[in-house]
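Asker: Got a structure for you, questions after.
The values are calculated or read from the model by the stated rules, or taken from the named source; none is laboratory data. All values derive from a computational prediction rather than experimental measurement. Note: ideal-geometry Cβ built from the backbone for every residue, glycine included; neighbour counts use all protein chains shown. The accessibility values were calculated without ligands, DNA or RNA, using every heavy atom of the protein model including side chains. Shrake-Rupley method; radii C 1.70, N 1.55, O 1.52, S 1.80 Å.
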Amino acid sequence: MGTGRLDAGEQQVWRAFLRTNAWIYDELEHDLRDRNNLSLVEYGILVHLSEAPSQRMRMRHLADSVIVSKSRLSHQVARLERDGHVRREHCDDDRRGFWAVLTEDGHKALARAAPGHADRVRDLLFDRLTPEQVTQLSGILHSLGGDEPIDTS
């Protein structure tokens, strides 16, 4: 097990992982803001809503899906609501709960943003890796607690 310290190689890998993760996030964030006036979290909200049954999700489930706090989600949904991309509806079965619902304008905003975002993800990540490395990355992420490994062949 651990010794309470990372060895030099582990430290190097850990720092490279943090730098790479921050760099990719920042690049995607800036690209979405410049092209589509959306943050990466807002884009994620639109994606998750577009994939949900009836294009709606409970706010608490949406927060878990986009991996943000409930307060940050509330702020982001308020901005999307102000821009006409999302609307909130009261839950009939829970007076304190709300649904976030993708609007037609939100669907259009997502349709405009998705191709450029996919191209940028491909440019920053997948085009820099061999198919074998993509498969390895999928397995590594699964080992770290992510989703099931994906067959990339």
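Asker: Could you please find all residues in the stretch 66-101 being in a helix (DSSP H, G or I), at pLDDT 95 or above and open to solvent by 60 Å² or more (accessible area, probe 1.4 Å)?
Answerer: E81, R82
Asker: Give all pairs with beta carbons closer than 6 Å in which a residue from the stretch 125-140 that is more than 18 Å from W23 (Cβ to Cβ) and at pLDDT below 95 meets a residue that is outside any helix (DSSP H, G or I) and open to solvent by 90 Å² or more (accessible area, probe 1.4 Å); count only pairs at least 6 apart in sequence or on separate chains.
Answerer: S138/I150
Asker: Also, quick follow-up: Among the residues of the stretch 56-65, count how many are in contact (Cβ under 8 Å) with a residue 40 or more places away in the chain and not in a strand (DSSP E or B).
Answerer: Looking only at that region, the number is 1.
Asker: Identify all residues within the stretch 1-25 that are assigned to a helix (DSSP H, G or I) and touching a helix residue (DSSP H, G or I) at 6+ places or on another chain (Cβ under 9 Å); write none if there are none.
Answerer: Within the stretch 1-25, W23, I24, Y25 meet the criteria.
Asker: Here's a follow-up. Scan the stretch 13-26 for residues that are open to solvent by less than 60 Å² (accessible area, probe 1.4 Å) and under 15 Å from R120 (Cβ atoms) and jot them down. If you could, list the steps in order and put the result at the bottom.
Answerer: The first filter runs over the stretch 13-26 and keeps only residues open to solvent by less than 60 Å² (accessible area, probe 1.4 Å), leaving 16, 22, 24.
Matches in the stretch 13-26: I24 only.
Asker: If I filter the stretch 26-38 for residues that are in contact with a Lys or Arg (Cβ under 8 Å, 6 or more places away or on another chain) and in a loop (DSSP other than H, G, I, E, B), do I get at least one hit?
Answerer: Looking for residues that are in contact with a Lys or Arg (Cβ under 8 Å, 6 or more places away or on another chain) and in a loop (DSSP other than H, G, I, E, B), one finds none in the stretch 26-38, hence no.
Asker: Can I ask one more? If I filter the stretch 34-44 down to residues being open to solvent by 40 Å² or more (accessible area, probe 1.4 Å) and free of Cβ contacts under 8 Å to residues at least 60 places away in the same chain, which single residue comes out as nearest to the chain's Cα centre (by Cα)?
Answerer: N37
Asker: Where the second residue is surrounded by 15 or more Cβ atoms within 10 Å (Cβ to Cβ) and part of a strand (DSSP E or B) and the first is free of Cβ contacts under 8 Å to residues at least 40 places away in the same chain and among the small types (G, A, S) and lies in the stretch 95-123, which pairs have Cβ atoms under 7 Å and are six or more apart or on separate chains?
Answerer: G97/R58
Asker: Of everything in the stretch 45-55, what is surrounded by fewer than 19 Cβ atoms within 10 Å (Cβ to Cβ) and in a helix (DSSP H, G or I)? Give them in sequence order.
Answerer: As a first pass, look at the stretch 45-55 and keep what is surrounded by fewer than 19 Cβ atoms within 10 Å (Cβ to Cβ): 47-48, 50-55.
Scanning the stretch 45-55 gives V47, H48, S50, E51, P53, S54, Q55.
Asker: For the stretch 102-134, how many residues are aliphatic (A, V, I, L, M), within 21 Å of I45 (Cβ to Cβ) and surrounded by fewer than 14 Cβ atoms within 10 Å (Cβ to Cβ)?
Answerer: The total comes to 2.
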